[in-house]
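Okay, so here's the structure we're looking at.
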Amino acid sequence: KAQLDRLIPVLEVSDLTIEGAYVERELALIKVACTGEKRIEAIRSANIFRARVVDSTQESFVFEVTGSTDKVNAFIDLMEPLGTINISRTGAAAISRGSDKI
């Protein structure tokens, strides 16, 4: 539950897709329940995508992956057949490139 004293006021909104060059990233946490060969495959795939294991049990992993929305989508698609049980995503965050202020 949001508390009014913790809200951050929005001062300005810019559409970076029309403003010029920008950097965009998204973060996702993906929980995968798997054992045996699927567990090994999940770790191999995470290494390829530079995803980090942020929690691990004998039967599950929570992976953290950051990057473009396309990269996050591709990692999620790869984990699906291995046993994805939960996904939490931030959505894209972006900032303009260079020394100019937005």
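A few points about this structure:
- Using C-alpha pairs below 8 Å separated by at least 6 residues, the relative contact order for the chain is 40 percent.
- Simple Cβ-charge dipole of the stretch 1-73, Lys/Arg +1 and Asp/Glu -1, about Cα centre, in debye nearest 20: 400 debye
- The aspartates and glutamates whose alpha-carbon is closer than 17 Å to the alpha-carbon of Lys101, local same-chain residues fewer than 8 away aside, are Glu12, Asp15, Glu19, Glu24.
- Of the residues Gly98, Gly20, Phe63, the one whose Cα sits farthest towards the positive end of the charge dipole of the chain is Phe63 (charges of +1 on Lys and Arg Cβ, -1 on Asp and Glu Cβ, taken about the Cα centre).
- Residue-averaged [θ]222 nm for the chain, counting only DSSP H segments that reach four residues, each worth -39500 (n - 2.57): -9500 deg cm²/dmol
- Protein heavy-atom surface of the chain, 1.4 angstrom probe: 51% of the accessible area is carbon and sulfur, with nucleic acids and ligands not counted.
- Heavy-atom accessible surface of the chain, averaged per residue, reaches 74 Å², computed with a 1.4 Å probe.
- Counted over all Cα-Cα pairs of the chain, pairs farther apart than 21 Å make up 48 percent.
- Estimated distance in nm for a label pair at Asp15 and Ser88, the labels positioned 7 Å out from Cα along Cα-to-Cβ: 3.3 nm
- Amide N of the stretch 4-27 lying under 16 Å from the label point, which is placed 7 angstrom from the Cα of Asn73 along Cα→Cβ: 24-27
- Straight-line cross-link partners of Lys38 among the aspartates and glutamates, defined as a Cα under 15 Å from its Cα and at least 8 positions apart when in the same chain: Glu59, Asp77, Glu80.
- Sorting 63-75, 86-98 by their mean Cβ neighbour count within 10 Å, with the most densely packed peptide first, gives 63-75, 86-98.
The values are calculated or read from the model by the stated rules, or taken from the named source; none is laboratory data. None of these values were measured; they are calculated from a predicted model. Cβ: placed from backbone, ideal geometry, glycine included. Neighbour counts: every protein chain shown. Heavy atoms of the whole protein, side chains included, go into the accessibility calculation; ligands, DNA and RNA do not. Shrake-Rupley method; radii C 1.70, N 1.55, O 1.52, S 1.80 Å.
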